Structures are given as structure tokens and as C-alpha cells.
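Remarks on the structure that follows.
The values are calculated or read from the model by the stated rules, or taken from the named source; none is laboratory data. These numbers come from a predicted model, not from an experiment. Glycine gets a Cβ as well: all are built from the backbone with ideal geometry, and neighbour counts include every protein chain shown.
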Amino acid sequence: MREAAFIKQNKQKWLDFERQIYAKENSNPDELSKLYIHLVNDLSYAQTFYPKSKTILYLNSLAAKSFQKIYRTQKDDTNRLMYFFKTELPLMVYEYKRYLLYAFVFFFVFVAIGTLSASKDDTFIRLILGDDYVNMTLENIKAGDPMAVYKSGSNWGSHIGITLNNLRVGIYSYIFGALGGVGTVYILFNNSVMLGAFQYMFYDQGVFWESIRGIWIHGSMEIFAMVIEAAAGLILGASILFPQTFSRYNSLKQGFAVSLKIVLSTFPFTIAAGFLEGYITRYSNVMPNYLSIGIILITLSIISFYYLIYPSFVYKKVMQNFKKS
């Protein structure tokens, strides 16, 4: 059967299934499960005969969304938070993983721009970071303590102030995604270019290693969360620009619901990063290398696993369970 005929034959069934998934009233989970089996069969057929078709992406998306609705109706409210972080959020991340890819590509390109610009223009770092901050940092480097800026203020005061600022930046990055994603990209551009110039300044002064083992104690989760928040903003923007088969209003509702949950999921990591910056980073110059590097690797591994690896595990497990049913 040609793909066009396959789509024509099943299109109405898929659209009906889609309507049930997004219906406000609770659908019968048993009925949804039966429909899901038909969907899985269609997906298997498409994977076999049309392996490079966009139909597979569409059916995969329907499968993930239907599981969320089926499983959600079977859970008690007491398990809601655990379900959100263990199953619902990873499935959303898996479904929208291309936006994570876009966000990371933007991030690395913008960091490279900041680094290259700083290396080619001596005034660029001062333009981006400001004279006061650059002069203070250079004085700290001469005094033998490049990370002295993180020692100012009390532990708890720094923790609270840093965390609130990072949450504010993340929320702005997400909200400005409503401008078709342009606002999110602009905020990511500013922060990423600043990071590239910031790190190059330490490299240029011969204290790159000291900056790595200090800054990235908290930066691993802080920067990673920033990129995830940007991805959420891009999802929001795409829901407005590319409604696909939905009306623009319904597409925005769906995009807002998904992207908001993704951005909220970063808050625990942002809070943890603020704690590390307020209480741990200030001691990076006196702690042994193995400890600082260990903290960096552990924090980076945790957040990387959760957003980049774990969603695939959850999705594969869901698909296996329903194929057995």
C-alpha cells in the first residue's frame, strides 16, 4: 500500500483519537487502551514500510500523549508529583527533544561567538561584562584568588539572591518565547556570549583551570537548566508559529501546557545550583581537585541523564508495555 493511501485510510481514526486525547472530560482509560493498540499497530506498519516518513513522528507523538492520559487517570493524587518527574515530564521531553537540540546548538554557537570575539578584540570583554567587573576580577587574579567574587556576602544571603536571580532569568527566557521564540533566542544569545567572553578572560589571564574548577561547581546545573528553559521557550514559540493540524489557539494551549511543565521542572536544579554557588563555590580554591571535579561531574551527570538519556528509557518502556497488552 502506498503511504498516501495508508494515511487516507487511517486519517479519520487518528484525528478521532487525537480529539479524545485532548478532550477536557476524562475518557475511559480502557477504551483509550484499546484505541492505543490500533495506534501501535499503525505505527509498526509505518515503521516497516515507510521508515523515513514523517507519519512515524506523528504516530510516535500520539502514542506518547495517549499514554500520559491513560496513565494519569489511573494514578492517585498522592502520587502526582512522583509521576510528574518519573514519567510525565520525561515523556514530554522525549516528544519535544528536537527543541532541546535546537537550544543546545544555539547555546554552543553563541558561546563560540563570545569566545572568538573576546580573543579577537581586547575591548569586547569589557563591553560585555563591564569595566567594574573586569577590573575587580583582574585584581582578584593578581591577588592569587580568581574566584574571590564568590566569597562576597553571607552564605545564605548569596544563596537566596543568586537563586532568585537565576529563576528570574529562566522565567524571562521562557516567557519571551511567546514572541515566536525570538525573545528566547535573544536572551540565550546574551547569556551565552557573556559566558564565552567570561571564560576566555580567565584563559587569557592564565587561570583557566582555576575558573573551571570553581565556576562549574554550580555552573553545570545552572547553565544546563538555562538551556532547558530556552528549549521550553522555543516550544512555546513554535506552538504559535506552527499550529499544524490544530487551530492556533488550541496549539498555543497545548504548547503552553507542555512548555510550562518543562520550565518548572528546571527549578529544583536551579535552586540546587544556587545552593552550591552560595555555600560551596566560595571554597573551591582550598578544596582538593578531586573534590571539585567530582562535584562538577556528579551534578552534570545527574541533570544530563535526566533530560538527555532517561526520557528515551521511559518512552521505550511505555512502548514495550503497551505492545504486550
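Touching an Asp or Glu at 6+ places or on another chain (Cβ under 8 Å), more than 30 Å from Ala257 (Cβ to Cβ) and assigned by TED's automatic domain parsing to the domain that holds Tyr279 - does that describe any residue in segment 199-208?
Within segment 199-208 (the criterion being touching an Asp or Glu at 6+ places or on another chain (Cβ under 8 Å), more than 30 Å from Ala257 (Cβ to Cβ) and assigned by TED's automatic domain parsing to the domain that holds Tyr279), the answer is yes, since at least one residue qualifies.
Quick check on my filter: what residues within segment 243-266 are touching a helix residue (DSSP H, G or I) at 6+ places or on another chain (Cβ under 6 Å), in a helix (DSSP H, G or I) and more than 23 Å from Leu308 (Cα to Cα)?
Within segment 243-266, Ser251, Leu252 qualify.
In segment 235-246, is there at least one residue being aromatic (Phe, Trp, Tyr) and over 26 Å from Arg80 (Cα atoms)?
We begin by selecting, within segment 235-246, every residue aromatic (Phe, Trp, Tyr); these are 242, 246.
So of that shortlist, the ones also over 26 Å from Arg80 (Cα atoms) come out as 242, 246.
Looking through segment 235-246, at least one residue is aromatic (Phe, Trp, Tyr) and over 26 Å from Arg80 (Cα atoms).
Here is a check on your reading of the model: is Ile240 closer than 21 Å to Met221 by Cβ, at pLDDT 90 or above and either in contact with a His (Cβ under 7 Å, 6 or more places away or on another chain) or part of a helix (DSSP H, G or I) (or both)?
no
Do you know which of the residues in segment 41-76 that are surrounded by fewer than 17 Cβ atoms within 10 Å (Cβ to Cβ) and among the charged types (D, E, K, R) is modelled with the highest pLDDT?
Here the residue is Lys54.
Just the residues that are of a type in the set (Phe, Trp, Tyr) and surrounded by 15 or more Cβ atoms within 10 Å (Cβ to Cβ), please, taken from segment 96-133. Quick ask: steps written out before the conclusion?
Residues of segment 96-133 of a type in the set (Phe, Trp, Tyr): 96, 99, 102, 104, 106-108, 110, 124, 133.
Answer for segment 96-133, where residues must be of a type in the set (Phe, Trp, Tyr) and surrounded by 15 or more Cβ atoms within 10 Å (Cβ to Cβ): Tyr96, Tyr99, Tyr102, Phe104, Phe106, Phe107, Phe110, Phe124, Tyr133.
Looking at segment 1-15, which of its residues are charged (D, E, K, R) and not in a helix (DSSP H, G or I)? Before the answer, list the steps.
Taking segment 1-15 and keeping what is charged (D, E, K, R), we get 2-3, 8, 11, 13.
Across segment 1-15, the qualifying residue is only Arg2.
Starting from residues that are hydroxyl-bearing (Ser, Thr, Tyr) and in contact (Cβ under 8 Å) with a residue 60 or more places away in the chain, keep the ones in segment 268-293 and report whichever is surrounded by the fewest Cβ atoms within 10 Å (Cβ to Cβ).
Per the criteria, the residue is Tyr279.
Can you tell me which residue within segment 189-234, out of those that are among the β-branched types (Val, Ile, Thr) and modelled with pLDDT under 95, is surrounded by the most Cβ atoms within 10 Å (Cβ to Cβ)?
Among those that are among the β-branched types (Val, Ile, Thr) and modelled with pLDDT under 95, it is Ile217.
Would you confirm, using the coordinates I've provided, whether Val286 is at pLDDT below 95, hydrophobic (A, V, I, L, M, F, W, C) and not in a helix (DSSP H, G or I)?
Details: at pLDDT below 95: yes; hydrophobic (A, V, I, L, M, F, W, C): yes; not in a helix (DSSP H, G or I): yes.
So Val286 fits the description; yes.
For segment 100-152, which positions are in a loop (DSSP other than H, G, I, E, B) and in contact (Cβ under 8 Å) with a residue 40 or more places away in the chain?
Taking segment 100-152 first, the residues in a loop (DSSP other than H, G, I, E, B) are 121-123, 130, 143-147, 152.
Matches in segment 100-152: Asp145, Pro146, Met147.
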